[in-house]
Each structure stands twice: as C-alpha cells, then as structure tokens.
Number of protein chains: 2
Amino acid sequence: MPVSHRPTLADVASAAGVSVSTASLAFSGAGPIADATKQRVLDAAASLGYSGPNPLGRQLRSGKSGIVGVVVGDALRRAFREPVAVQLLDGLVDTITPLGLGVLLIPGPTSPEQPAVDPLVESAAMDIAVMLWGGTLDDPTLEALARRGIPVVVVEGHDLTDVVTVGIDDRGGMADLAAHLRDLGHERVATVTLPFGPDRRGGLADTARLQDIAWSIPRRRLDGLVDAGVQPVAVYETPASLVEHGAAAARALLAGPVGSRPTAVVAQSDLLASGVVLGARELGLRVPEDVSVAGFDGLDLPWLAPDVLTTVVQPIADKGAAVGLAVGRILAGETPEDEVLPVALRTGTTTGPAPR
Amino acid sequence: MPVSHRPTLADVASAAGVSVSTASLAFSGAGPIADATKQRVLDAAASLGYSGPNPLGRQLRSGKSGIVGVVVGDALRRAFREPVAVQLLDGLVDTITPLGLGVLLIPGPTSPEQPAVDPLVESAAMDIAVMLWGGTLDDPTLEALARRGIPVVVVEGHDLTDVVTVGIDDRGGMADLAAHLRDLGHERVATVTLPFGPDRRGGLADTARLQDIAWSIPRRRLDGLVDAGVQPVAVYETPASLVEHGAAAARALLAGPVGSRPTAVVAQSDLLASGVVLGARELGLRVPEDVSVAGFDGLDLPWLAPDVLTTVVQPIADKGAAVGLAVGRILAGETPEDEVLPVALRTGTTTGPAPR
DNA sequence: ATGAAAGCGCTAACAA
DNA sequence: TTGTTAGCGCTTTCAT
C-alpha cells in the first residue's frame with residue numbers, strides 16, 4: 001500500500017522487504033550489503049519516489065549539519081562589493097565542497113547603532129563558523145559562537161586565543177611598498193586608508209582619530225608604512241573600499257599647490273587606489289609624472305588599462321583555500337596553527353620618480 | 001551532578017526540576033508557562049552553559065531546516081563578479097532574515113563539460129531553493145530539486161510550470177532603449193551580448209549561433225531591439241559580463257572606417273557597456289560624438305565619471321525582495337504568481353545624435 | 001549479510 | 001500551568 005506522505009526509509013525498506021538498517025546501508029554504502037539486496041532497495045526507492053535519506057534525520061543522528069557558517073564582516077551588500085572577500089569566499093567554497101560542506105551566509109552587523117547579532121548566529125545549525133574580516137576583539141558574534149561551542153576561523157582579524165586565524169603579511173607588504181616609493185625619491189607621501197572601524201568616518205584623520213583604529217587591517221597597513229620610515233604627511237580615512245571614495249580622497253589630498261602637494265599616494269586597497277588615479281587625472285595631474293599612486297590587493301582593474309597599478313599582491317585564492325583547509329582540520333579534530341600568507345610587491349606603471 | 005557532554009534540554013530540565021516539555025516552553029515561548037518556572041529554567045540553563053535548543057533536534061522535529069538554498073547560476077567566482085546577482089542576493093537576504101531563514105550558497109555547474117549537479121543540491125537540508133539566473137529548460141538542478149520535492153523560485157529564467165518565476169521586463173526595456181537610439185537617428189547599431197549559454201563563446205555571432213541562445217536574458221534583450229525595429233548590424237557575444245570583454249567587443253566592432261562603422265553600440269549589461277566606452281576611447285573615438293554607447297542594469301559606474309551611462313535601470317533590490325516575498329509565501333503554503341518587474345530608461349551622456 | 005533495538009534532541013498532543 | 005508520551009527519520013551498535 002502506497003504512502004501518502006513523503007516516503008521515508010522505513011517505507012522503502014518495507015517495500016523492498018528488508019529492514020530499515022539494511023535499507024540505510026544501500027544508500028550510505030557504510031557496511032556490507034549484497035548487490036542484489038541493494039538493487040532491490042534502490043528499485044523500491046525509485047518506484048516510491050524516494051530521493052534519498054532525509055538530511056534532517058541524518059544530521060540529528062550524526063550530530064553534524066555539514067554547514068559552515070560564514071559571517072561576512074559587514075552588510076552583505078558591502079561585503080560583496082569587496083572583490084577580496086568575494087574571491088576568498090570562492091576559494092573557500094572550492095576547498096570545502098569536496099568535504100561535503102556547504103556555506104551558510106550570515107550577515108554581520110548592519111550598522112554600528114545596531115550591534116545585535118544576527119539570529120542565525122544564535123540558532124542556525126552549523127558545525128563551524130568563519131568570520132570574514134574578523135571584527136574587533138570583543139565582537140558579540142564571537143562571544144555567541146563561543147557560548148554555543150562552535151569553533152571559529154577568523155580571517156584577517158586580531159590574534160585571538162581559542163580561535164584559528166588566517167591572514168596575510170599586511171605590514172611587511174606595505175613596508176616593501178613604502179621602501180619602493182622611498183627609493184624613487186618620494187618624501188611627501190599621503191595615504192588613503194580603509195575604514196578604521198564600524199563607525200566608518202570619511203575624511204582626513206587627525207591624531208586623535210589615529211589612536212582609534214579598531215579594525216586590524218588598516219592598523220597593520222598603516223604601521224607597515226611607518227616601519228619603512230615613511231611617515232605619511234596626511235592620512236585620509238574612507239568609509240568603504242570603493243572607487244568613488246578613492247576619487248574623493250584624491251580631490252582632498254591633491255588639490256594644493258605643487259610645493260606642498262604629496263608626490264605619492266598609497267591607498268590601502270586597489271579599489272581606492274584606482275579611485276585616486278581617476279581623481280588625480282580629474283585634477284589635471286599626470287600619473288605617475290606628477291603624482292605616484294599605489295594600492296594593495298593585486299586585483300584586475302580593467303578600467304585602468306593600459307595602466308597597471310603598482311600594488312602589493314596578496315594570494316586571495318590561497319587564503320580562501322587556507323581557510324577551507326583549517327575548517328577541514330578543525331572538523332577532523334585537529335588544531336591547526338594560525339597562518340600568515342606572504343605577499344609580493346608588483347611594480348606597475350602608476351609609480352615613478354618623485355617630481356623635483 | 002554535572003554532565004560532561006554538551007548539555008541538552010533534558011539536563012536543563014532536570015537541573016531546574018521540571019519536565020523537558022516545560023523547559024522547552026521556557027525557550028520557545030510557544031505555550032503558557034509561569035514566570036517563576038521560566039526563570040528557574042533559564043537560570044539552570046545559564047549555570048549549565050546551555051545555549052539554547054539544539055537546532056538539529058528542533059529541525060528534525062519540525063521538519064523544517066530554515067534554510068533557503070540559493071543556486072548561483074554559475075561558479076561563485078563569476079556570479080559574485082556580477083553586481084546584479086550580488087545586489088539581488090542582498091535584497092533577498094534582507095527580506096528572508098526576518099522570517100528566520102538563512103541562505104545556503106550552492107555553486108552552479110562550474111563548466112559545461114561538468115554538468116554534474118553540486119552534491120548540496122542532492123542532499124543538503126533546505127526548505128526551498130532559489131535559482132539565480134535560472135539556467136536552461138532541462139536543467140539537471142531543477143530536476144533534482146523536483147525529485148526531492150523542494151519548491152523552487154527561479155530568477156530570470158524561462159517560464160516554467162511548477163516553478164515561480166521572478167524577472168524584469170528585459171524585452172520592453174530594450175525596446176525603449178532601441179527607440180531612443182532610433183530617435184537620435186542611428187541606423188547602424190551593433191550590440192554586445194551576454195553569453196548565450198554555458199559554452200560561453202566570445203566573438204561575432206553568425207546566423208547559426210543566433211539560433212542557439214540557450215539562456216533567456218540575452219535572448220529577450222536581443223528580441224527587444226528587434227521589436228523596436230532595430231536590426232543590429234553586428235552581434236558580438238561575450239563570454240562573461242566583464243569590463244574587459246566589453247572593451248574587446250569595442251575593438252572588434254569599431255575598428256572599421258567611418259562609413260561602415262556602427263554609430264551606436266548597445267550592450268546587454270552596464271559592465272559590458274563601460275568596457276565598450278573605454279575600448280572606443282582607446283580607438284580614439286569620442287563618446288557620444290563619434291559613437292553612442294548604452295547599457296542595461298543601471299549600476300553605479302564610478303570609473304566612467306563624469307560621464308553617465310545611458311541605460312535601462314532595473315530595480316535590483318526590489319527584485320531580491322520580490323524573490324524573498326515569494327519564498328515566504330511558498331513556505332506559508334501559498335502559491336504566488338510569477339512576477340515581472342518594470343524597468344526604466346535612463347538617458348545619460350553616452351548617447352547622442354548619430355554622426356552624419 | 002541482515003535484522004532488532006536504541007537513541008540523537010527536540011516539540012506537540014494530550015492528560016492531569 | 002505542568003507532566004507524560006510519542007515520535008520526527010535516520011544511523012549504528014550488536015546480535016543473529
């Protein structure tokens with residue numbers, strides 16, 4: 001007699017004249033089963049329209065959901081305009097798909113006024129979580145995950161205990177870039193930074209503001225400049241890594257007379273840098289003859305062609321893979337080390353000798 | 001006596017001296033419970049480090065996972081370079097988050113040679129699936145989901161039965177755009193299209209290839225041109241909606257002598273159109289004096305500033321919201337109608353009178 | 001190679 | 001208002 005509800009393994013088993021446990025074996029392959037029996041079960045399943053074991057039952061039984069929660073560091077919209085985040089996610093997915101894991105998207109805090117944690121953080125099923133661009137030290141998301149006993153991998157965050165961190169050598173990379181500019185004779189260097197924290201101010205940062213950098217990436221990239229002996233003559237903070245904010249920064253930084261104007265601008269991302277290039281051109285300045293511009297990330301920027309941006313190339317796909325690997329290890333019960341991936345300076349056509 | 005494993009509701013209940021069902025009520029609020037009792041349960045939970053009901057148990061019991069599987073029409077990497085897809089996803093997430101639903105990312109087929117369906121499609125827990133840029137008619141993903149009895153919402157796909165479709169008026173929008181160009185006196189109009197199908201060829205499309213458009217968006221947008229009486233003098237198919245492919249198309253289409261060169265190029269996406277603008281400029285052509293360029297989507301293109309692209313603006317966030325709404329309705333047992341959202345022509349600075 | 005039985009953690013009837 | 005009971009669908013000992 002046919003069942004009216006969606007068939008279960010029990011229905012299939014009885015239709016095939018075997019026990020549920022045998023039927024289970026036919027699907028999972030996790031145990032000895034006669035070929036003939038297996039075929040009988042599969043046939044019964046087909047005729048009942050049974051499409052395989054219900055994942056919910058399987059998950060409860062195994063205690064695993066097969067889900068990796070990925071907390072994108074900010075509103076989705078913003079995170080996805082970030083080519084770095086997108087490419088990293090791509091590398092991550094490539095790595096964990098073979099492990100039978102899937103990515104659950106978890107929006108980060110939408111605004112600083114709304115520090116509430118997304119409900120998914122509190123109650124979605126997940127075996128592990130990845131925090132993209134890992135927030136601040138006292139992140140409530142981190143707390144909630146810890147309370148739930150969910151292990152966490154943090155990308156580009158502060159060094160925390162109890163959490164595996166994957167990042168790049170921001171500081172060293174930026175120092176290399178600064179050295180490159182110094183070698184070209186630049187002495188007045190300005191920098192355009194990523195947002196310092198969730199409040200995302202835009203504009204020139206004064207000394208007070210510079211003490212107040214909550215996020216680790218802008219902090220480390222700024223430190224890298226100084227490491228190489230380049231004390232920026234101006235620091236312009238942007239509210240987001242977008243071309244238009246780079247252009248705005250250029251207008252603010254490069255409007256002055258030749259004598260006091262910076263001869264080089266270092267942006268903390270390629271998107272910002274490309275905005276600086278466009279903004280500089282708008283002001284009638286030639287790049288790199290009048291002003292050198294450099295970035296960070298190593299993206300393709302087709303709209304800058306035929307120019308090639310001087311930048312620090314980070315291995316984004318590798319970073320995603322490293323995160324995926326760490327996820328796999330943790331779920332396998334291992335405790336992987338923190339990882340810092342190397343970066344490389346790429347000299348393009350947007351930097352040249354300082355004008356004299 | 002404390003428990004060594006992660007505490008369960010039963011542990012909390014016994015610590016609080018109540019039954020499990022009462023303890024359940026303390027967390028779910030789905031039933032009458034005395035304030036004092038509830039507090040006792042919550043206290044017991046706190047002291048045991050119990051962080052709320054295990055979602056796996058809850059899901060099995062309720063038969064719902066709270067998960068919306070989103071099949072991105074192509075490899076993640078590619079899908080996320082598509083600003084339209086990203087913004088749509090953002091609108092979708094905004095709409096379903098309040099419903100207590102989360103998005104599980106499911107990669108589409110990576111390459112045409114590998115038509116295998118992602119394992120997540122076969123066996124991940126999800127209550128409903130959304131197909132972004134909804135594939136072809138005989139999509140194996142669609143089949144698999146149907147077999148599993150998972151309802152589907154298709155975005156920008158063919159009109160299918162048994163599936164709710166959300167889309168925009170591609171054809172009408174493109175017809176409006178074509179009429180605009182016609183009114184400006186353009187008679188030699190070329191078009192740069194999105195990929196015709198998973199094989200993603202690049203280059204001029206001949207008559208045979210034009211019969212072979214598997215994906216519905218390029219099809220409809222092409223039809224829209226013709227509807228308005230604009231028979232393109234050349235159709236250039238791109239392998240992806242990227243700036244560099246637009247530039248390549250411009251080089252191929254606009255290299256000829258003035259007399260035979262198209263006076264206008266219509267691209268099927270803004271990214272492609274901006275590439276066409278850049279490519280035209282590379283060839284020494286002025287936009288719009290020598291050649292008019294128009295796109296489709298209505299994106300912000302900061303690197304084109306101060307120019308503003310003439311384009312067909314589609315309501316991307318609304319589309320995401322419409323998808324989310326449809327998802328909610330379906331899960332509530334309703335059967336929402338297909339939806340076609342309106343678009344609007346935006347006249348920018350990149351189109352002008354045909355040169356004479 | 002197959003079957004019987006237990007139980008993953010929870011919620012929802014229903015009874016008290 | 002609280003407790004008892006019965007599963008949700010599956011996998012996994014363990015016995016046969």
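Positive contributions from Lys and Arg (+1) and negative ones from Asp and Glu (-1), summed over other residues with Cβ under 12 Å from the Cβ of A:Phe27, come out at +1.
Quick check: at a probe of 1.4 Å, how many percent of the accessible area of the protein assembly as shown sits on carbon and sulfur atoms? Before the final figure, lay out each step's value.
Numbers: 16050 of 29860 Å².
That fraction is 54 percent.
Residue order by solvent-accessible surface for B:Leu283, A:Leu89 is B:Leu283, A:Leu89, largest first, with ligands and nucleic acids left out and a 1.4 Å probe.
Cα centroids of the range A:226-288 and the range B:114-186: 43 Å apart. In a DSSP loop and with at most 11 other Cβ atoms within 10 Å, the GluC sites (Glu not before Pro) in the range A:300-356 are A:Glu334, A:Glu337. Across all Cα atoms of chain B, the radius of gyration (one decimal) and Dmax (whole number) stand at 26.1, 92 Å. With every protein chain in place and a 1.4 angstrom probe, the accessible-area ranking of B:Trp133, B:Trp303, largest first, reads B:Trp133, B:Trp303. Using a probe of 1.4 Å on the protein chains alone, the accessible area found for A:Asp138 is around 110 Å².
Would you mind working out the magnitude of the charge dipole of the range B:170-313 relative to its Cα centre, with +1 at each Lys and Arg C-beta and -1 at each Asp and Glu C-beta, to the nearest 20 Debye?
Computed about the Cα centre, the dipole is about 280 debye.
With both bridge residues required to lie in chain B, what share of the DSSP beta bridges run antiparallel, to the nearest 5%? That works out to approximately 15 percent antiparallel.
Send over a whole-number figure in Å² for the accessible area per residue of the range A:232-356, probe 1.4 Å. Walk me through the numbers before you get to the answer.
Numbers: 4740 Å² over 125 residues.
Using a 1.4 Å probe on heavy atoms only, each residue of the range A:232-356 averages 38 Å².
Cross-link partners for B:Lys64 among the lysines, with Cα-Cα distance under 17 Å and sequence neighbours closer than 8 places in the same chain left out: A:Lys64. For the range B:9-53, the solvent-accessible area with a 1.4 angstrom probe is 51 square angstrom per residue.
What percentages, rounded to whole numbers, describe P(r) for the range A:170-313 computed over all alpha carbon pairs with 5 Å bin width beginning at zero? Calculated P(r), rounded to whole percents: 2, 11, 23, 26, 22, 12, 3, 0, 0.
Find the sum over both chains of the accessible area lost when B and A are paired, probe 1.4 Å, and report it in Å² to the nearest 100. Could the numbers behind the result be given before it?
Values: alone 16690 and 16690 Å², together 29860 Å².
By this definition, chains B and A bury close to 3500 Å².
With the Cα gyration tensor of the range B:9-53 in hand, convert its eigenvalues to equivalent ellipsoid semi-axes via √(5λ) and list them largest first in whole Å. Before the final figure, lay out each step's value.
On the way: eigenvalues 41, 20, 18 Å².
Semi-axes (√(5λ), whole Å): 14, 10, 9.
Of the residues A:Leu25, B:Leu92, the one with the largest accessible area comes first in the ranking A:Leu25, B:Leu92, computed with a 1.4 Å probe on protein heavy atoms.
Here is how far apart the B:Leu42 label points are across copies: 5.4 nm, shortest first, using a point 7 Å from Cα toward Cβ.
Rounded to the nearest 10 square angstrom, B:His245 shows an accessible area of 50 square angstrom against a 1.4 Å probe. With the label put 7 angstrom out from Cα along the Cα-to-Cβ vector, B:Gly100 ends up 2.9 nm from the copy partners, going from closest to farthest.
From Cα pairs below 8 angstrom and at least 6 apart in sequence, can you work out the relative contact order of chain B, rounded to a whole percent? Walk me through the intermediate numbers first.
Numbers: 692 pairs, mean separation 56.9, N = 356.
With pairs under 8 Å counted, the relative contact order is 16 percent.
Mean partner shielding of peptide A:117-128, defined as the number of other chain Cβ atoms within 10 Å of each residue Cβ, is 4. Candidate cross-link partners of A:Lys38 among the aspartates and glutamates, defined by an alpha-carbon separation under 17 Å and a same-chain spacing of 8 or more, comprise A:Asp11.
The sum of -39500 (n - 2.57) across all DSSP H runs of n ≥ 4, divided by the residue count of chain A, sets its helix-only mean residue ellipticity at 222 nm to -12000 deg cm²/dmol. Classify the protein assembly as shown as rounded, prolate or oblate from the Cα gyration tensor: take a ≥ b ≥ c as the square roots of its eigenvalues, call it rounded if a/c is under 1.5, otherwise prolate when a/b beats b/c and oblate if not. Oblate, because a/c is 1.5 or more while a/b does not exceed b/c. Each copy carries a label point for A:Pro315 at 7 Å from Cα along the beta-carbon vector; from one copy to the others these points are 4.7 nm apart, nearest first.
The values are calculated or read from the model by the stated rules, or taken from the named source; none is laboratory data. As the structure is a computational prediction, the values presented were derived from the model and not from experiment. Every residue, glycine as well, gets a Cβ built from its backbone with ideal geometry; the counts of neighbours run over all protein chains shown. Surface accessibility is based on the protein's heavy atoms, side chains included, excluding ligands, DNA and RNA. Shrake-Rupley method; radii C 1.70, N 1.55, O 1.52, S 1.80 Å.
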